[in-house]
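> Handing you a structure now.
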Amino acid sequence: MIVVRKLGVPYRPEVAFGALGEGGALVIDEDTVRAAGLGSRECTEVERRERAELDRRLARYRTGRDRVPLAGRTVVIVDDGIATGATAAAACEVARAQGAARVVLAVPVAAPQAVERLRHVADAVLCLSAPADFAAVGQWYDDFDQTSDEEVAALLAQADARRTGTGRAGTAGAEAQGIEAAGVPGATVEVASDGVVLPGLLTVPAGAPGVVVFAHGSGSSRTSPRNRQVADALDAAGLGTLLFDLLTEAEAKAETAAREHTFDIPLLARRLSGATAWLRTRTAVPLGFFGASTGAAAALSAAAEPGSPAAAVVSRGGRPDLAGDRLGDVRAPTLLVVGGADPLVLDLNRRAASLLRCPHELAVVPGAGHLFEEPGALEAVAELARDWFVRYLGPGQDGS
């Protein structure tokens, strides 16, 4: 990513008299400056304002991540189109200053005269169309709406995760990592946890007050339709969600070990804690845990860890009893949801509730079995979970 800013003529900002880029790069079109009758004070004021905006965007997009080193490399700079060529020239200058051995500029559309000027700036210019009637870049797009800072930051975070192969987008700082309020529906992510990389689905609506991390159980995965239905309800309420696989593909498929893994609560809890740490480097909003079946025990065990960021926990038809003596260490407000037609699990949840010392409630869905397959049962679970998380992850809440 190279951030550049156009320097627009004050009374006609769409007309560029130059551009600036990070590292002090500055390109000035003296002909335009003279034609517009601009004085040095006017030019300096525009430069000051655009430099401040450039610095703001750099902080928003890149904080916590180092620039990809360009020294000795061929750099392909891509833009949406070129009108005057000032910003493209500034981007080329930035790349050269960072040590690029060769600079290639690639665009879908550009003004013919700009292409000719840029051939003296870049080592090569690739342009699909340079129409004689070019007036503005936007005229060649069906949709030329502005791209939000949140969308750019989210895409950069995803690209960094793919580049590093760790799922990490950098160090702490919510806005810098671009996941908080990213507005990315069901983005595929790779979650680095417990020494493995696990596939996941991350959704964070714009302005989300919190993110709920799902812990699946009994060999289920991020594609679980029941958990996906609950996640959809949370997303619709403005909350973010992360659904990820607690087991690797090999672990889930190993016939001799699959059941052993699904009941290995310490393993599942470590994976959940690792995923939480991965997510914590990307957002500062409160986090919640939603556990199903054996995943409920994993969620409660992870929430019992010293310093756990969990601000709320919901268990659906779960086995909280498998968390054992960790139950007494849970501090996050906990909701246990059980089907009224699931007497064994209901009894186990009642016993588990008696061991909890945190704020907690036991909600029974009348007539529902273990899988909540009855008409309206899963909808009831989704509503209960939604209300609990909104209550404890909402604005001004800290989970205490």
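> Accessible area per residue of the range 1-149 at 1.4 Å probe, in Å²?
So the range 1-149 comes to 55 Å² accessible per residue, rounded to a whole number.
> Kirkwood hydrodynamic radius for the chain: how many Å is it when counted over pairs of different Cα atoms?
Averaging 1/r across every pair of different Cα atoms and inverting gives 23.8 Å.
> Net charge around ARG270, counting only other residues with Cβ within less than 12 Å of its Cβ (Lys, Arg = +1; Asp, Glu = -1)?
-2
> How do 350-356, 82-88 rank on mean C-beta neighbours within 10 Å, highest first?
82-88, 350-356
> Dipole size in debye (nearest 20) for the chain around its Cα centre, Lys and Arg Cβ +1, Asp and Glu Cβ -1?
920
> If you roll a 1.4 Å probe over the heavy atoms of the protein chains, what accessible area per residue do you get for the range 291-393, in Å²?
Solvent-accessible surface per residue comes out at 39 Å².
> What does the helix-only formula give at 222 nm for the chain: each DSSP H stretch with n ≥ 4 adding -39500 (n - 2.57), the total divided by the residues, and the result rounded to the nearest 500 deg cm²/dmol?
Value at 222 nm, helices only: -11000 deg cm²/dmol.
> Below 8 Å between Cα atoms, with a sequence gap of 6+, how large is the relative contact order for the range 1-147 in percent?
21
> Let me ask something additional. Counting only protein heavy atoms and a 1.4 Å probe, tell me what percentage of the chain's accessible area is made up of carbon and sulfur.
Ligands and nucleic acids excluded, carbon and sulfur reach 53 percent.
> Among MET1, THR223, LEU239, pick out the residue whose Cα is farthest towards the positive end of the charge dipole of the chain, where Lys and Arg carry +1 and Asp and Glu carry -1 on C-beta, about the Cα centre.
Of the candidates, MET1 comes out farthest on the positive side.
> Shifting gears a bit: Report the relative contact order of the chain, percent, no decimals, based on alpha-carbon pairs under 8 angstrom and at least 6 residues apart.
That works out to 10 percent.
> Right, next: Net charge around LEU322, counting only other residues with Cβ within less than 13 Å of its Cβ (Lys, Arg = +1; Asp, Glu = -1)?
0
> While we're on this one: Could you please report the charge total around GLY291, scoring K, R as +1 and D, E as -1 over all other residues with beta-carbon less than 11 angstrom from its beta-carbon?
Spelling it out: positives minus negatives among the neighbours equals +2.
> Something else now. Cα gyration tensor of the range 311-400, axes a ≥ b ≥ c as square roots of the eigenvalues: rounded (a/c below 1.5), prolate (a/b > b/c) or oblate?
Taking the square roots of the gyration eigenvalues as a ≥ b ≥ c, the range 311-400 is oblate.
> Same structure again: What percent do you get for the relative contact order of the range 270-392 when only Cα pairs under 8 Å and 6+ apart count?
Once divided by the residue count of the range 270-392, the mean separation gives 21 percent.
> Could you pull out every whole DSSP H run in the chain that spans at least 27 Å of Cα extent along its own axis and averages -0.5 or higher on the Kyte-Doolittle scale?
The qualifying helices: there are none.
The values are calculated or read from the model by the stated rules, or taken from the named source; none is laboratory data. Nothing here was measured: the structure is a model prediction, and the numbers come from that model. Cβ atoms come from the backbone with ideal geometry, glycine included; neighbour counts cover every protein chain shown. For accessibility, only protein heavy atoms count, side chains too; no ligands or nucleic acids. Shrake-Rupley method; radii C 1.70, N 1.55, O 1.52, S 1.80 Å.
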